[in-house]
Amino acid sequence: MMKATQPLAALMFVIAAAASPWSSPSARADVPTGNWEQACAALVGPTYPADDGVAKVTEAKIVAAGGGKPTAEQMQIYATRGKVQGVPTQAVESLPAHCLVSGYATPNIRFELRLPAQEWNRRMLMVACDGFCGFVFSEACVPGLMRDYATVTSDGGHTATRNFDGAWGYNNRQAEIDFGYRANHVVAVAAKAILAKFYGEPPRYSYLTGCSKGGSAGVMAATRYPADFDGIIAGAPVLDYQRKNAIHFPWVAKAMQSDDDSFLLSPEQLPAIEAAVLGACDAIDGQADGVIDDPRRCKFDPASMRCPAGQSSATCLTDKQIEAVRKVYAAPRNSRGEIVYPVGTVIGSEGNWPNWVLPAPPATVTFSRRGAEEYLRYLAFERDPGPSYDFRSFDFDTQLGQLQAQSAVFDALSTDMRAFRDRGGKIILWHGWGDAAISPLMTIEYYDALLKFMGGDRATHAFARLFLLPGVHHCRGGNGAGLIDALAALEQWREQQRAPDVLIATRDDDLDGKIERTRPVYPYPSQASYIGRGDWNDPKNYRPR
């Protein structure tokens with residue numbers, strides 16, 4: 001793969017030119033309440049409004065400039081969170097002075113705020129939690145903090161272990177409601193009140209960013225609580241939360257595992273499958289660059305990898321393995337052959353199959369299996385079957401109707417964004433074409449429905465745009481360019497009425513500051529078309545089509 005040599009700082013100029021400048025100094029403000037140490041400490045004690053509940057600050061402490069010097073691991077986490085949030089973050093060697101706030105909103109929603117102490121851009125950024133939530137991911141607030149945002153995140157209203165722990169939802173209706181839609185709303189209300197006390201004024205603009213469950217939280221906010229945020233970034237959103245977890249996860253898990261729980265494929269076979277798919281489809285767009293621009297144009301049959309009779313290896317597939325791969329790609333069906341979920345796992349996502357479709361050693365369980373088990377036991381139904389429930393027993397023929405009740409809690413499928421639009425709200429949706437966890441085809445289906453409900457392309461593009469990133473995995477990673485400054489673009493769109501006609505996406509998978517790949521991404525349905533001359537890493541050599 002061609003390696004560009006321009007440093008990240010130089011690319012930020014290119015990104016800014018296509019999207020937005022950083023926050024204007026004229027928008028910044030010193031803390032007006034006098035001594036900021038005292039202002040920080042004074043946040044503990046009062047009761048803050050949280051819509052139908054209240055909030056309390058349990059701890060507020062000063063982090064001095066340069067304090068808490070990040071470790072190398074933390075620096076990588078900050079950069080990764082920047083990618084996931086659409087807020088590019090270079091190597092963070094020290095944190096700016098800020099007030100670190102911990103608190104809760106009733107009944108049990110823990111949150112954390114990081115409040116810039118000496119410079120604040122008069123904006124708030126909420127980072128919505130992802131997965132099944134359950135913990136306050138403190139590092140998630142750093143990308144926003146580095147841009148002088150007052151940044152807030154929460155645990156979604158419950159405590160859990162990571163990677164799809166759903167036991168907290170067992171016969172716990174309030175926790176499900178908080179996780180489904182209420183937590184981000186009440187924390188946003190409380191956070192604005194806390195900011196008003198600390199700074200002496202509320203934020204001029206409030207934004208939300210998130211990916212996966214955090215992405216669907218953005219769409220949920222725009223349709224259910226349109227006054228909460230002025231702008232939203234919704235990455236790889238799990239909009240059809242019920243069907244994804246209760247239908248598609250089990251389908252993938254059963255496709256890859258026999259009844260004795262042994263896997264039909266080995267992780268060692270994935271590179272060969274990925275190479276075969278690229279060999280069949282990579283050059284369709286005119287470039288053999290390791291990225292499939294639009295998987296919908298790809299026709300790949302795993303039977304092309306069939307092993308010679310009686311043989312098996314890491315570079316070919318047996319008949320049973322061919323059938324398993326076909327099922328992963330296919331839309332789930334019931335015993336009558338009727339489609340019960342409209343899409344399968346997108347072709348071109350094979351590099352993202354570790355963890356999602358096959359275990360990534362030393363792990364022995366996939367996220368699909370874990371998600372299917374936990375969701376069906378504790379979240380999918382009004383009456384939870386509990387820990388003894390076998391996810392394989394969920395019947396696609398007779399039990400689909402039982403998912404309807406919880407759809408009202410978890411799904412973000414409403415396309416009514418009229419109130420959000422009428423307040424001047426703007427939303428950027430984005431999705432990676434190489435996402436093995438959440439199909440980009442579902443996001444396209446939703447966006448097409450949004451276009452229809454909101455009055456067509458022109459009317460919808462005035463406030464909502466979708467960007468599809470070729471070769472990008474779930475929320476981050478992959479061979480494609482997945483680093484976009486969506487927050488800068490959103491600021492410019494909402495505050496200056498300059499819509500993002502293009503985003504410059506880059507790929508930088510380490511902290512060396514060197515950009516490995518660059519390309520433009522145009523709003524759906526337009527795609528970037530290489531004009532056939534010059535460096536394919538140069539955005540000037542592309543046109544929309």
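The values are calculated or read from the model by the stated rules, or taken from the named source; none is laboratory data. Model, not experiment: these values are computed from the prediction. Methodologically, a virtual Cβ is constructed for each residue, glycine included, from the backbone with ideal geometry; neighbour enumeration extends over all protein chains shown.
Within the stretch 91-109, the residues that satisfy the criterion of being outside any loop (DSSP other than H, G, I, E, B) and within 30 Å of G180 (Cβ to Cβ) are L100, V101, S102, G103, Y104, A105, I109. Would you pick out the residues in the stretch 281-309 that are over 20 Å from G344 (Cβ atoms) and either among the acidic types (D, E) or not assigned by TED's automatic domain parsing to the domain that holds G351 (or both)? Of everything in the stretch 281-309, those that are over 20 Å from G344 (Cβ atoms) and either among the acidic types (D, E) or not assigned by TED's automatic domain parsing to the domain that holds G351 (or both) turn out to be D282, D285, D289.
Criterion first (touching a residue at least 40 places away in the same chain (Cβ under 8 Å), assigned to a loop (DSSP other than H, G, I, E, B), more than 18 Å from V84 (Cα to Cα) and in contact with a strand residue (DSSP E or B) (Cβ under 8 Å, 6 or more places away or on another chain)) does D148 satisfy it? Yes. Residues in the stretch 483-522 that are closer than 22 Å to P295 by Cβ, modelled with pLDDT of 95 or more and more than 18 Å from the chain's Cα centre (by Cα): V502, P520, Y522. Being assigned to a loop (DSSP other than H, G, I, E, B) and either on the phi > 0 side of the Ramachandran plot or in contact with a helix residue (DSSP H, G or I) (Cβ under 7 Å, 6 or more places away or on another chain) (or both) is the filter here, so list the residues in the stretch 414-437 that pass it. Correct list: S414, T415, D416, M417, G424, G425, W433, G434, D435, A436, A437.
Taking the stretch 333-412 as the region of interest, the helices (runs of 4 or more DSSP H) fully inside it that hold 1 or more residues being closer than 17 Å to A253 by Cα and of a type in the set (S, T, Y) are 367-378. One residue is enough: does the stretch 402-410 have a residue meeting the conditions within 19 Å of the chain's Cα centre (by Cα) and either over 30 Å from F467 (Cα atoms) or of a type in the set (S, T, N, Q) (or both)? Taking every residue of the stretch 402-410 in turn, none turns out to be within 19 Å of the chain's Cα centre (by Cα) and either over 30 Å from F467 (Cα atoms) or of a type in the set (S, T, N, Q) (or both). Looking at the structure I just gave you, is H248 outside the structural domain of V142 (by TED's automatic domain parsing) and either in a helix (DSSP H, G or I) or crowded, with 23+ Cβ neighbours inside 10 Å (or both)? Spelling it out, H248 is indeed outside the structural domain of V142 (by TED's automatic domain parsing) and either in a helix (DSSP H, G or I) or crowded, with 23+ Cβ neighbours inside 10 Å (or both). Scanning the stretch 358-384 for residues that are under 21 Å from Y241 (Cβ atoms), in contact with a helix residue (DSSP H, G or I) (Cβ under 6 Å, 6 or more places away or on another chain) and not hydroxyl-bearing (S, T, Y) yields F367, R369, G371, A372, E373, L376, L379, A380, F381, E382, D384. The residue of the stretch 299-332 that is modelled with the highest pLDDT, among those that are basic (K, R) and either part of a loop (DSSP other than H, G, I, E, B) or closer than 22 Å to I284 by Cβ (or both), is R326. Scanning the stretch 221-277 for residues being in contact (Cβ under 8 Å) with a residue 60 or more places away in the chain, over 30 Å from P203 (Cα atoms) and among the hydrophobic types (A, V, I, L, M, F, W, C) gives a total of 14. Candidates in the stretch 106-122 are the residues that are in contact with a Gly (Cβ under 9 Å, 6 or more places away or on another chain) and over 23 Å from G66 (Cβ atoms); of these, the one that is surrounded by the fewest Cβ atoms within 10 Å (Cβ to Cβ) is P107. Against the definition (under 30 Å from K514 (Cβ atoms), touching a Gly at 6+ places or on another chain (Cβ under 9 Å) and not aromatic (F, W, Y)), how does Q85 come out, yes or no? Spelling it out, Q85 is indeed under 30 Å from K514 (Cβ atoms), touching a Gly at 6+ places or on another chain (Cβ under 9 Å) and not aromatic (F, W, Y). Filtering the stretch 175-186 for residues that are assigned to a loop (DSSP other than H, G, I, E, B), touching a residue at least 24 places away in the same chain (Cβ under 8 Å), more than 30 Å from G482 (Cβ to Cβ) and not aliphatic (A, V, I, L, M) leaves an empty set. The residue pairs whose first member lies in the stretch 371-382 and is touching a residue at least 24 places away in the same chain (Cβ under 8 Å) and more than 15 Å from Q402 (Cβ to Cβ), whose second member is of a type in the set (S, T, N, Q) and not in a loop (DSSP other than H, G, I, E, B), and whose beta carbons are closer than 8 Å, counting only pairs six or more residues apart or on different chains, are G371/N245; A372/N245.
One line per residue, one yes/no per condition, for (1) touching a Pro at 6+ places or on another chain (Cβ under 7 Å); (2) of a type in the set (A, V, I, L, M); (3) closer than 24 Å to E445 by Cβ:
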residue: L483; (1), (2), (3): yes, yes, no
residue: Q497; (1), (2), (3): no, no, no
residue: T506; (1), (2), (3): no, no, no
residue: D512; (1), (2), (3): no, no, no
residue: S526; (1), (2), (3): yes, no, yes
residue: D535; (1), (2), (3): no, no, no
residue: N541; (1), (2), (3): no, no, no
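As a summary of the residue check, S102 satisfies the conditions (1) surrounded by 22 or more Cβ atoms within 10 Å (Cβ to Cβ); (2) of a type outside the set (K, R); (3) under 30 Å from I484 (Cα atoms) except for the one numbered (1).
Against the list (1) under 25 Å from the mean Cα position of the chain (by Cα); (2) outside any strand (DSSP E or B), the condition A234 fails is (2). Being in a loop (DSSP other than H, G, I, E, B), buried (at least 23 other Cβ atoms within 10 Å of the Cβ) and of a type in the set (A, V, I, L, M, F, W, C) is a description that applies to F229.
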